[in-house]
């Protein structure tokens, strides 16, 4: 057993500012000289990008539905092992998850799995004693959960905070750990999928401002004391890893402002399965690196459609790679890039790679959102028929077929209800709308690297030898 000082930052609902509060705490603790390990509850790529910018350490996703207790604890312990303190940012409201009648997939479930105290973030802008009623309700709702502190956001003055603190500490056992003032300078802009990515925040001034805000009005000694008050957890246990059979496979990872949604665990599992990761930019590069597999993650190709279309050399290189039998695995934004075109929110159409005879059309409203179980309905680069993995969908685009399309997978939601087909496939190319978490199915990374090895072997065999 090992002691990992840890806290969960949870909101009463979405929109109360828990990401701002979490980033302020992360940045301030780093300013204090602490090694701070960030985590994000639930499927999310955007908030973790800010966590990394604030701490200098990769943020890890933990999720009760996608991964379960044992994997969550394993991922947590491995990442937290060399940190002074770990901070987990929750998702939505504390008790919101995959179902309205249980805590599966919720921040509350994760906090209990990690045996971590919770600091509740509340928008205090328009309340006084009512804050005590709100805190009392959250603290008592689940006796197995420890709501230990409350941090008030959008508080206009120290006097207002003293009213809130007095009300809460008079009526509950929860301690007030401070407050943050409303400040446009520390507001992160958002767009259709959430906040803008950290790479778009420039020189890091945002995180320095957030650190100063927390240092001024948050009791960081109390925050650290709460984190140290938790009990022991089992020491890190390596997750199951199925290694690929054979030599190292060079994998090109699309990495730029258009393609930036990757779970760190996915990339590490590919490395463990024999992959050597080499980044490239479909926006900026005019040629592919010397690789045997491509991984096109999600992101914002719809915002960069013009530049992607204008990079004719890269689009042609990706198509040639596929036509030669190269393995391409794509998710969401990567799928969009492999179609014939993307029609953006303004109705402008931009030519893409053209591997699949379809157009992706942005529609708002039109959000597709939810947990997904993916099952292979035919053999493909992810594995044999029946192979499954868990992930989520989160997109505003719709696929419009312009010719026959072939699918390799079927989907179901968190309740087990059918959500149709996914996984456009042709030759050694597979493109999913679903973002998979590879840790949910340890065979996937090895299946991908093994597929790449086979494709290289087959490409070296002459047609006569194939006959």
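Determine whether residue 158 is buried (at least 20 other Cβ atoms within 10 Å of the Cβ) and more than 21 Å from residue 30 (Cα to Cα).
Numbers: buried (at least 20 other Cβ atoms within 10 Å of the Cβ): no; more than 21 Å from residue 30 (Cα to Cα): yes.
Against the criterion (buried (at least 20 other Cβ atoms within 10 Å of the Cβ) and more than 21 Å from residue 30 (Cα to Cα)), residue 158 does not qualify.
Among the strands (runs of 3 or more DSSP E) contained in segment 1-83, which hold 2 or more residues that are out of contact with any strand residue (DSSP E or B) (no Cβ under 8 Å at 6 or more places or on another chain)?
Because the criterion is at least 2 residues that are out of contact with any strand residue (DSSP E or B) (no Cβ under 8 Å at 6 or more places or on another chain), no strands (runs of 3 or more DSSP E) in segment 1-83 meet it.
Could you say which residue among 136, 144, 185, 131 is surrounded by fewer than 16 Cβ atoms within 10 Å (Cβ to Cβ), in a helix (DSSP H, G or I), in the same structural domain as residue 216 (by TED's automatic domain parsing) and in contact with a helix residue (DSSP H, G or I) (Cβ under 9 Å, 6 or more places away or on another chain)?
Sole residue among the options that is surrounded by fewer than 16 Cβ atoms within 10 Å (Cβ to Cβ), in a helix (DSSP H, G or I), in the same structural domain as residue 216 (by TED's automatic domain parsing) and in contact with a helix residue (DSSP H, G or I) (Cβ under 9 Å, 6 or more places away or on another chain): 185.
I need the full set of residues from segment 326-344 which are assigned to a loop (DSSP other than H, G, I, E, B) and either modelled with pLDDT under 95 or under 23 Å from the mean Cα position of the chain (by Cα) (or both), in order please.
If we filter segment 326-344 for residues that are assigned to a loop (DSSP other than H, G, I, E, B), which is where we start, we get 326, 332, 344.
332 - this is the single residue of segment 326-344 that is assigned to a loop (DSSP other than H, G, I, E, B) and either modelled with pLDDT under 95 or under 23 Å from the mean Cα position of the chain (by Cα) (or both).
Only one of these conditions is not met by residue 155: (1) over 16 Å from residue 216 (Cα atoms); (2) in a loop (DSSP other than H, G, I, E, B); (3) touching a strand residue (DSSP E or B) at 6+ places or on another chain (Cβ under 7 Å). Which number is it?
(1)
Do we find that residue 439 is at pLDDT 95 or above, within 28 Å of residue 102 (Cα to Cα), buried (at least 22 other Cβ atoms within 10 Å of the Cβ) and out of contact with any strand residue (DSSP E or B) (no Cβ under 8 Å at 6 or more places or on another chain) in this structure?
Values: at pLDDT 95 or above: yes; within 28 Å of residue 102 (Cα to Cα): yes; buried (at least 22 other Cβ atoms within 10 Å of the Cβ): yes; out of contact with any strand residue (DSSP E or B) (no Cβ under 8 Å at 6 or more places or on another chain): yes.
Spelling it out, residue 439 is indeed at pLDDT 95 or above, within 28 Å of residue 102 (Cα to Cα), buried (at least 22 other Cβ atoms within 10 Å of the Cβ) and out of contact with any strand residue (DSSP E or B) (no Cβ under 8 Å at 6 or more places or on another chain).
State all residues of segment 367-413 that are within 28 Å of residue 449 (Cβ to Cβ) and in a loop (DSSP other than H, G, I, E, B); if no residue qualifies, say none.
377, 378, 379, 381, 382, 384, 385, 386, 387, 405, 406
Within segment 125-144, track down each residue that is touching a strand residue (DSSP E or B) at 6+ places or on another chain (Cβ under 6 Å) and farther than 17 Å from residue 170 by Cα.
none
Out of 10, 41, 79, report the one residue that is assigned by TED's automatic domain parsing to the domain that holds residue 183, crowded, with 21+ Cβ neighbours inside 10 Å, farther than 16 Å from residue 207 by Cβ and free of Cβ contacts under 8 Å to residues at least 60 places away in the same chain.
One residue alone meets the criteria, 79.
How about segment 421-451: which of its residues are more than 14 Å from residue 383 (Cβ to Cβ) and not in a helix (DSSP H, G or I)? Break it down stepwise before answering.
Of all residues in segment 421-451, those more than 14 Å from residue 383 (Cβ to Cβ) come to 421-422, 424, 426-427, 429, 431, 433-435, 437, 439.
Correct list: 421, 422, 424, 426, 427, 429, 431, 433, 434, 435, 437.
With 251, 223 as the choices, which residue is modelled with pLDDT of 90 or more and farther than 29 Å from residue 113 by Cβ? I'd like the intermediate steps shown before the answer.
Details: 223 fails: farther than 29 Å from residue 113 by Cβ.
On inspection, the qualifying residue turns out to be 251.
Please specify each residue of segment 130-144 satisfying the condition of being in contact (Cβ under 8 Å) with a residue 40 or more places away in the chain and over 14 Å from residue 11 (Cα atoms). Show your work before the answer.
So the first thing to find is which residues in segment 130-144 are in contact (Cβ under 8 Å) with a residue 40 or more places away in the chain, and the list is 132, 134, 138, 141-142.
If the condition is that a residue be in contact (Cβ under 8 Å) with a residue 40 or more places away in the chain and over 14 Å from residue 11 (Cα atoms), then 132, 141, 142 are the ones that fit.
What number of residues in segment 94-126 are in contact with a helix residue (DSSP H, G or I) (Cβ under 7 Å, 6 or more places away or on another chain), part of a loop (DSSP other than H, G, I, E, B) and surrounded by 24 or more Cβ atoms within 10 Å (Cβ to Cβ)?
So the count comes out to 4.
The values are calculated or read from the model by the stated rules, or taken from the named source; none is laboratory data. Bear in mind that the values here come from a model prediction, so they are computed numbers and not experimental data. So basically every Cβ, Gly included, is an ideal-geometry build from the backbone, and we count neighbours across all protein chains shown.
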